[in-house]
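Undergrad: Below are the C-alpha cells for one structure; questions will follow.
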C-alpha cells in the first residue's frame with residue numbers, strides 16, 4: 001500500500017523531473033549493450049561480501065571520494081544527502097544529532113563502526129556528531145528492518161561505518177583547512193606493509209567557535225553566546241598473516257568531542273562525549289568453502305554534561321563476542337553466526353539495574369539461480385531481561401531482462417527499551433515491552449548505456465508497521481514515565497537515479513513518505529512528507545565542480561503537529577583542483593544563499609558557511 005500524499009502537480013513535477021529525465025534518457029538507450037558499471041562490494045546487507053548489483057536489499061554506499069568532497073560539516077550533514085535519510089541537530093556540527101531512516105525514530109536505526117555497536121546503552125542514541133569524516137573509508141546504509149541480521153534496534157535499518165584500513169605498500173595522507181566561525185581542521189595518516197603484515201594509523205582534529213545554538217530568545221534555555229566544539233580522534237588497524245589463510249586482525253577507534261550548548265544561564269554548559277571501539281579477530285579460511293571469523297571487542301560511549309547544577313556522567317559499554325562462519329555450498333552460500341553482547345551502565349543516577357546480556361544465533365542463506373536471487377534470514381535473540389525474540393526476513397529478486405530487475409521482501413524487527421526508559425529514577429517504567437515491526441517492500445531497478453549516456457534508476461515502495469512504540473507521557477499530576485501506548489505506520493516511495501552524459505554526472509533522489517501515528521494520523525515529529533537531493537558534478541580539466549540542492553517539505557516539532565517547521569531548500573557548491581597526482585585544493589560552500597531554516601524548533605543551522613583547504617596523499 002502506497003501513502004496518499006497530497007501534492008500539487010507543479011510541486012511534484014519539480015521533485016520528480018531529475019528522476020523522470022533519468023528514466024527517459026535510459027529508455028532511449030535501451031538498444032545499446034549494458035554498461036561497465038562500478039560495482040562495489042558490500043557486507044551489511046547479508047553480513048558477508050556481495051556485489052552491490054546482486055543485492056536484493058535497499059542499500060547505498062558512500063565511498064571515500066564522496067566523503068572527502070562532502071564531509072566537511074561532519075557525518076550528519078553527509079547522511080542528510082542520502083536517499084531515505086532525514087536528520088535533526090540541535091545546533092552546529094558538534095551538537096547532538098539524530099538520523100531518521102525511512103521515517104523511523106533515531107534510536108530505531110542501528111549504527112555500527114567496523115561491525116561493532118557503539119550506541120549509548122543508557123539512552124539508545126549513537127553520537128554520530130562525534131564520528132569525524134576524516135576517519136572513514138566508506139559508509140553502507142541498509143534501509144529496512146534488519147533485526148534478522150543484527151538483532152535489536154534495527155527497525156529503520158542499519159548504518160555501518162568503516163574506518164580507514166591499510167593496504168600493501170607505503171601510503172600517507174594529510175589534510176588541513178579552515179573556514180567560517182573560525183573553524184579549522186586537520187588530519188594525517190600513514191599505512192603500509194605487505195600481504196603478510198600491514199597496518200594503518202589515522203589522527204584528526206577539528207575546532208570551531210560555532211554560532212549561537214538556540215536562536216529564539218523566548219526559549220528557557222536561550223543564552224546569547226557562541227556554542228563551539230573541539231574534536232580529536234584516532235583510529236588504527238592491523239593485520240598479521242600468521243600462516244597462509246590464517247590471520248590476526250586488530251582495530252581501534254576513539255573520538256573525543258567537547259561541545260558547548262545553551263543552558264539558559266551564564267555558565268559554560270557543555271557535553272563531553274567519548275566514543276571508543278576496539279576489536280580483535282582471528283580470520284581463518286579452513287577450506288576453500290569455509291571462512292571463519294572469531295572476534296571479541298567493545299563499543300563504549302561516555303557522556304558528561306557539565307552545567308551550572310553540576311556534572312552528570314553516563315558511561316556504557318557493550319562487550320561483543322562473535323563467531324561467524326561463511327560456507328560456499330553447491331547451491332548458494334550459508335552464513336551461521338553466534339553472538340554474545342554484554343551491556344553495562346555506569347552512572348551516578350542510581351539505576352536499579354545496570355547490566356543485561358543477550359545471546360544470539362543467526363542464519364543467512366543466499367542463492368543466485370540464473371535470473372532469480374533469494375535471501376532468507378533467521379535470528380533468535382535471548383535477552384536476560386526480555387527472553388527470546390525471533391525475527392526473520394525473506395527477499396527475492398528477478399532479472400527479467402539483463403538491465404531490469406524487480407525485488408520484493410518482507411521482514412520483522414524489534415527494539416528493546418533503553419536503561420533510561422526502564423530505570424531512570426522518577427522518570428521510568430520497568431514494565432516496558434520491546435517495540436516490534438513488520439515490513440514489506442517492492443522495488444524495480446534498471447540501468448543502461450548509450451554512446452554518450454549511462455544511467456541507472458531505482459524505485460522502492462515500502463510499508464513498515466511499528467507496534468508498542470514507547471512514548472513519554474505525563475499525567476494531570478505531572479507524574480511522567482514512558483509507556484507502550486502508540487503504533488506507527490511508516491510507508492513511502494524512494495526514487496533514485498543517476499545519469500551520466502559524457503563527463504557530466506547527475507545524481508538525484510526523492511522520498512515521498514507518510515511516517516504517521518497510526519491512531520491520530522499525524523506526522524511523527526520532525527519528519528517530512530517529501531524530501532530529496534539533486535547533485536551535479538562536472539569536470540573541467542584538472543578541476544571538478546559540484547553543486548547540490550537539498551530540500552524538504554514542512555515538518556512538525558511536536559506529536560500534536562501544532563508547532564510547524566517550515567520547508568526548506570539549500571544549495572551547496574564545491575570546487576576541487578588537482579594540482580598534481582598527490583595534491584588537491586578544495587573549497588566548499590554550504591547553504592550558499594544563506595537560507596534560514598530549522599531542523600529542530602528554536603535551534604539555528606548557522607546560515608552560509610565556507611570551508612577551504614588542501615588534501616595530500618602518496
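Only the coordinates and a few stated rules stand behind these numbers; no lab work does. In this text, all values refer to a predicted model and were calculated from it rather than measured experimentally. Note: ideal-geometry Cβ built from the backbone for every residue, glycine included; neighbour counts use all protein chains shown.
Undergrad: Between residue 372 and residue 338, 0.36 nm times their residue separation minus their Cα-Cα distance comes to what? Numbers along the way, then the final one.
TA: On the way: separation 34, 0.36 × 34 = 12.24 nm, distance 2.89 nm.
Additional length available on full extension: 9.3 nm.
Undergrad: Any chance you could run the full-extension gain for residue 575 through residue 182? It's 0.36 nm times the residue separation minus the Cα-Cα distance, nm to one decimal. Numbers along the way, then the final one.
TA: On the way: separation 393, 0.36 × 393 = 141.48 nm, distance 2.06 nm.
Gain on extension, residue 575 to residue 182, equals 139.4 nm.
Undergrad: For the pair residue 549 and residue 327, how long in nm is the line joining their label points, each one 7 Å along Cα→Cβ?
TA: Rounded to a tenth, the inter-label distance reads 5.3 nm.
Undergrad: Okay, next question. Report the relative contact order of segment 9-617, percent, no decimals, based on alpha-carbon pairs under 8 angstrom and at least 6 residues apart.
TA: Values: 1779 pairs, mean separation 75.9, N = 609.
Normalised by residue count, the contact order of segment 9-617 is 12 percent.
Undergrad: Quantify how much of the Cα-Cα distance distribution of segment 362-515 extends past 25 Å, in percent. Could the numbers behind the result be given before it?
TA: Working: 6167 of 11781 pairs.
When all Cα pairs of segment 362-515 are counted, 52 percent exceed 25 Å.
Undergrad: Something else about it: What whole-number distance in Å separates the alpha-carbon centres of segment 370-425 and segment 459-524?
TA: When both Cα centres are located, 18 Å separates them.
Undergrad: When you count, for each residue, the other Cβ atoms within 10 Å and take the mean per peptide, how do 522-534, 301-313 rank with the highest first?
TA: Working: 522-534: 21.5, 301-313: 15.4.
Answer by packing, highest mean first, reads 522-534, 301-313.
Undergrad: Arranged from highest to lowest average of other beta-carbon atoms within 10 Å per residue, in what order do the peptides 326-334, 101-109, 130-138 appear? Show your work: numbers first, answer last.
TA: Details: 326-334: 14.0, 101-109: 26.3, 130-138: 22.7.
In decreasing order of mean packing, 326-334, 101-109, 130-138 become 101-109, 130-138, 326-334.
Undergrad: Sticking with this structure for a sec: Tell me what the chain gives for mean residue ellipticity at 222 nm when only DSSP H runs of n ≥ 4 count, each as -39,500 (n - 2.57), the sum divided by the residue total, rounded to 500 deg cm²/dmol.
TA: -2000 deg cm²/dmol
Undergrad: While we're on this one: At residue 190 and residue 294, where each label point lies 7 Å from the Cα along Cα→Cβ, what is the point-to-point distance in nanometres?
TA: Placing both labels 7 Å beyond Cα along the Cβ direction yields 3.4 nm.
Undergrad: Relative to the present Cα-Cα distance, how much length would full extension add between residue 503 and residue 167 at 0.36 nm per residue of separation?
TA: Values: separation 336, 0.36 × 336 = 120.96 nm, distance 2.98 nm.
In short, 118.0 nm is gained.
Undergrad: Now a separate question. Against the empirical 2.2 N^0.38 Å scaling, what ratio does the C-alpha Rg of segment 265-402 come to? Numbers along the way, then the final one.
TA: Details: Rg = 21.6 Å, N = 138, 2.2 N^0.38 = 14.3 Å.
For segment 265-402, the normalised Cα radius of gyration comes out at 1.51.
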